[in-house]
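Accompanying notes for the structure given below.
The values are calculated or read from the model by the stated rules, or taken from the named source; none is laboratory data. All values derive from a computational prediction rather than experimental measurement. Quick reminder, even Gly has a Cβ in these numbers, built from the backbone with ideal geometry, and neighbours come from all protein chains shown.
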Ligand code: HBI
Ligand code: FE
């Protein structure tokens, strides 16, 4: 989302501070909202052992927010001790530059409002369940935490170079919809998948989508879908692969990609490492 105004977004941006943060008014959540949170949490929890990566499962087990919408202030001391990250409460989607600025300073923006019961299966904008359940557990992983800060710093530079779209694709195909190849088989670490009832099994088991080995330049030129399950997933071997890919300066990447047409989400290139194929040959 670019641009300074929040036209058409659900959150209440009226009282926010200059850095777009607000206070989480935890007392304002209703019993019905805590009950909806529990239903969302329970639906995902039964799927995690089969589809989520080990780091997510272990971190979630150490936190305890199945009982209701968590208090960000109660989690922040634990998060700070683990990886020096902090949750900041926000009204919803932020302009890219503001979002990158928070990540570059190890602050993760978490939306304060919860979806309605009618949105149990699908929601357009990230709500507190997507942001907290999907993103917060991996902020406790040291390597992932360092990658996300490096990503934020890269985003600020990309903003200055007009290369935001390429960084948005990197975020989408990793932080939101990334898969990881583990000794126990394919798992996910992407928040958009982990917080989705339908896409969690689909991303791992369906024969419909492509699954391609992580390739930074390939990702940065590949469009993504925002209102359907993904048509392509990219697969890393571990979080260090993500961190190492984003450590160097991206300027040469932008030069390499300049003038190349973006690829449709469904594209397959001869150079793609098809993950499914490797498993079959095993
Ligand atoms: N704002 N609050 C919030 N959460 C996001 O995940 C987010 C955002 N703004 C922009 C954005 N994500 C993506 O465009 C990033 O790739 C920049
Ligand atoms: Fe997200």
On the given criteria, is residue 222 surrounded by 17 or more Cβ atoms within 10 Å (Cβ to Cβ) and either away from ligand 2 (no atom under 16 Å from the Cβ) or touching a residue at least 24 places away in the same chain (Cβ under 8 Å) (or both)? yes
If you go through the range 97-129, how many residues are near ligand 1 (Cβ under 10 Å from one of its atoms), crowded, with 20+ Cβ neighbours inside 10 Å and either modelled with pLDDT under 95 or not in a helix (DSSP H, G or I) (or both)? 5
Provide a single number: the residues in the range 175-202 that are crowded, with 19+ Cβ neighbours inside 10 Å and in a helix (DSSP H, G or I). 8
Of the residues that make up the range 64-77, is at least one away from ligand 1 (no atom under 16 Å from the Cβ), in a loop (DSSP other than H, G, I, E, B) and buried (at least 20 other Cβ atoms within 10 Å of the Cβ)? yes
Mind checking which residues of the range 158-171 are within 13 Å of ligand 1 (Cβ to nearest atom) and out of contact with any helix residue (DSSP H, G or I) (no Cβ under 8 Å at 6 or more places or on another chain)? 165
Tally, over the range 230-259, of residues that are closer than 20 Å to residue 179 by Cβ and assigned to a helix (DSSP H, G or I): 8
Do we have any residue at all in the range 51-63 that's exposed (fewer than 14 other Cβ atoms within 10 Å of the Cβ), at pLDDT below 95 and over 15 Å from residue 130 (Cα atoms)? yes
Being surrounded by fewer than 20 Cβ atoms within 10 Å (Cβ to Cβ), closer than 15 Å to residue 275 by Cα, without any contact (Cβ under 8 Å) to a residue 12 or more places away in the chain and more than 16 Å from ligand 2 (Cβ to nearest atom) narrows it down to one of 205, 231, so name that one. 205
The condition of being in a loop (DSSP other than H, G, I, E, B) and farther than 13 Å from residue 213 by Cα holds, among 272, 227, only for 227
